[in-house]
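A.B. asks: Input: one structure, supplied below.
The values are calculated or read from the model by the stated rules, or taken from the named source; none is laboratory data. Just so you know, these numbers come straight off a predicted model, no measurement behind them. Because the Cβ atoms are built from the backbone with ideal geometry, glycine has one as well, and the counts that use them run over all protein chains shown.
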Amino acid sequence: MTSDISVIHLTNEQLTPDSELSSYQVDAPSDAATAWHEYRVDWLPGVTNFYIDSELVHSIDKNVPTTPSFFLWNSWSNGNSWAAGPPASNSVLKIQSVTAYFNRTSVASSIAANPGACVSNPFSILSAYYADKNVTTSAQSAFINGSNLYIDTSILDTQLGGNPWSGTAKTLTFLYTYGTETRVFVAAQNSGTYLITPGGIDTAPGSVLVPSITAPAKATIDIISVVWGKSQISTASVWNTLYNDSIKKYSFQLLDEFFGIDTWWGTQKTAVIWYTAADGSFKAVVGRENAWVKFT
């Protein structure tokens with residue numbers, strides 16, 4: 001990628017000064033400068049295949065290297081029309097992770113032959129909200145780090161596609177699983193970094209287990225977790241009120257008085273209530289403080 005971030009350049013460098021040029025360009029993802037993407041190169045006998053987010057975007061069968069080599073990731077600018085620069089402010093190249101498969105003709109055969117070559121992540125992010133914006137897909141991409149989850153709350157606007165609630169401090173809230181456990185992570189914007197590693201809940205800062213509160217007999221939903229502002233709400237009376245509102249199809253207002261606590265004094269909060277509906281579908285009631293909402 002160069003100063004024109006709308007395209008990505010793909011090249012097999014000339015093997016000799018007289019070799020035919022083999023440089024091409026393809027469209028870059030529209031959010032290439034603000035979101036994580038997977039860029040993959042398959043160096044195979046006689047061809048180099050290039051992928052973006054698992055989709056083959058180009059193949060080059062000229063100047064394909066035939067001798068052992070290495071990969072180099074760098075960021076540079078020499079001021080010419082192609083690279084432009086030097087930048088007027090800091091220009092940062094971020095690499096979330098690198099996975100390499102050696103001496104294989106496909107990723108599938110590599111995993112089959114050597115499962116240990118691929119680092120699996122034991123965490124599964126089921127649903128994520130930044131304030132009241134659904135950011136599940138972005139979170140699944142941004143927070144996976146090897147076998148861990150890593151969250152930097154200072155760059156959430158960049159990672160999660162913008163600021164959904166300008167002028168208001170926001171929370172990041174996501175529901176995730178680890179083994180047989182279902183957990184909730186909640187953190188305020190600009191509250192630091194969080195490294196969640198495999199292990200018990202004590203190795204998962206910002207996280208709590210979802211409570212086990214039995215639904216009443218007449219309920220047609222099953223509430224999984226209730227988050228208000230910076231905290232999960234596990235008070236049985238609040239859950240019973242929510243179940244009653246769902247049974248009677250009542251709307252309810254998102255207020256401190258409703259949840260029985262002010263979890264973030266002086267700040268407008270967001271509520272996220274995850275539940276499964278009667279048909280087994282996974283849903284969420286989400287809204288900003290003072291909003292009227294209901295189960296569907």
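A.B. asks: Spot the failing condition for L195; the list is (1) under 19 Å from L126 (Cα atoms); (2) of a type in the set (A, V, I, L, M); (3) over 20 Å from the mean Cα position of the chain (by Cα), and only one is missed.
C.D. replies: (3)
A.B. asks: For the range 250-258, does any single residue satisfy the condition of being in a loop (DSSP other than H, G, I, E, B) and polar (S, T, N, Q)?
C.D. replies: Among the residues of the range 250-258, at least one is in a loop (DSSP other than H, G, I, E, B) and polar (S, T, N, Q), which makes the answer yes.
A.B. asks: I would also like to ask the following. Just to be sure before I move on: is T180 surrounded by fewer than 18 Cβ atoms within 10 Å (Cβ to Cβ) and not small (G, A, S) in the structure I sent? Walk me through how you get there before you give the answer.
C.D. replies: Values: surrounded by fewer than 18 Cβ atoms within 10 Å (Cβ to Cβ): yes; not small (G, A, S): yes.
Taking the combined requirement at face value, the residue satisfies it.
A.B. asks: Regarding the range 193-209, can at least one residue be identified that is under 26 Å from S281 (Cα atoms), in contact (Cβ under 8 Å) with a residue 24 or more places away in the chain and not hydroxyl-bearing (S, T, Y)? Quick ask: steps written out before the conclusion?
C.D. replies: Quick first cut of the range 193-209, residues under 26 Å from S281 (Cα atoms) only: 207-209.
When the remaining residues are screened for being in contact (Cβ under 8 Å) with a residue 24 or more places away in the chain, the result is 207-209.
Okay, now just the ones that are also not hydroxyl-bearing (S, T, Y), so 208-209.
Within the range 193-209 (the criterion being under 26 Å from S281 (Cα atoms), in contact (Cβ under 8 Å) with a residue 24 or more places away in the chain and not hydroxyl-bearing (S, T, Y)), the answer is yes, since at least one residue qualifies.
A.B. asks: Take the residues in the range 48-73 that are among the β-branched types (V, I, T) and either at pLDDT 85 or above or outside the structural domain of V92 (by TED's automatic domain parsing) (or both); name whichever of them is farthest from M1 (Cα to Cα).
C.D. replies: Per the criteria, the residue is V64.
A.B. asks: Tell me which residues, restricted to the range 165-177, are surrounded by fewer than 18 Cβ atoms within 10 Å (Cβ to Cβ) and in contact (Cβ under 8 Å) with a residue 24 or more places away in the chain. Reasoning before the result, please.
C.D. replies: Pass one, the range 165-177, residues surrounded by fewer than 18 Cβ atoms within 10 Å (Cβ to Cβ): 165-169, 177.
Residues satisfying the conditions are W165, T168, A169, T177.
A.B. asks: Against the condition outside any strand (DSSP E or B), loosely packed, with under 14 Cβ neighbours inside 10 Å, assigned by TED's automatic domain parsing to the domain that holds F143 and among the acidic types (D, E), how does D279 come out, does it pass?
C.D. replies: Here the answer is no, as D279 does not meet what is asked.
A.B. asks: Something else: Consider T11 carefully, then state whether it is of a type in the set (S, T, Y), over 29 Å from the mean Cα position of the chain (by Cα) and exposed (fewer than 12 other Cβ atoms within 10 Å of the Cβ).
C.D. replies: Spelling it out, it is not the case that T11 is of a type in the set (S, T, Y), over 29 Å from the mean Cα position of the chain (by Cα) and exposed (fewer than 12 other Cβ atoms within 10 Å of the Cβ).
A.B. asks: Which of the helices (runs of 4 or more DSSP H) contained wholly in the range 92-199 include at least 3 residues that are under 30 Å from W43 (Cβ atoms) and at pLDDT below 95?
C.D. replies: Qualifying helices (runs of 4 or more DSSP H): 107-113, 136-142.
A.B. asks: Let me ask another. Take the residues in the range 41-56 that are without any contact (Cβ under 8 Å) to a residue 40 or more places away in the chain and surrounded by 10 or more Cβ atoms within 10 Å (Cβ to Cβ), then tell me which one is nearest to V98 (Cα to Cα).
C.D. replies: So in the range 41-56, the residues without any contact (Cβ under 8 Å) to a residue 40 or more places away in the chain come out as 41, 43, 46-49, 51, 53-56.
Filter once more, keeping what is surrounded by 10 or more Cβ atoms within 10 Å (Cβ to Cβ): 41, 43, 47-49, 51, 53, 56.
Values: V41: 11, W43: 15, V47: 21, T48: 18, N49: 17, Y51: 14, D53: 14, L56: 18 Å.
Once the filter is applied, the top-ranked residue is V41.
A.B. asks: Is there a residue in the range 207-230 that is of a type in the set (D, E), within 26 Å of T180 (Cβ to Cβ) and surrounded by 14 or more Cβ atoms within 10 Å (Cβ to Cβ)?
C.D. replies: First, pick out the residues of the range 207-230 that are of a type in the set (D, E): 222.
Adding the requirement that they be within 26 Å of T180 (Cβ to Cβ) leaves 222.
In the following step, the residues that additionally are surrounded by 14 or more Cβ atoms within 10 Å (Cβ to Cβ) were identified as 222.
So far as the range 207-230 goes, yes, one or more of its residues are of a type in the set (D, E), within 26 Å of T180 (Cβ to Cβ) and surrounded by 14 or more Cβ atoms within 10 Å (Cβ to Cβ).
A.B. asks: Here's another thing I want to ask about it. Which ones in the range 241-264 are over 15 Å from W292 (Cα atoms) and under 28 Å from the mean Cα position of the chain (by Cα)?
C.D. replies: Within the range 241-264, T263, W264 meet the criteria.
A.B. asks: Part of a loop (DSSP other than H, G, I, E, B), in the same structural domain as T270 (by TED's automatic domain parsing), free of Cβ contacts under 8 Å to residues at least 60 places away in the same chain and not acidic (D, E): is that true of S246 in this structure?
C.D. replies: no
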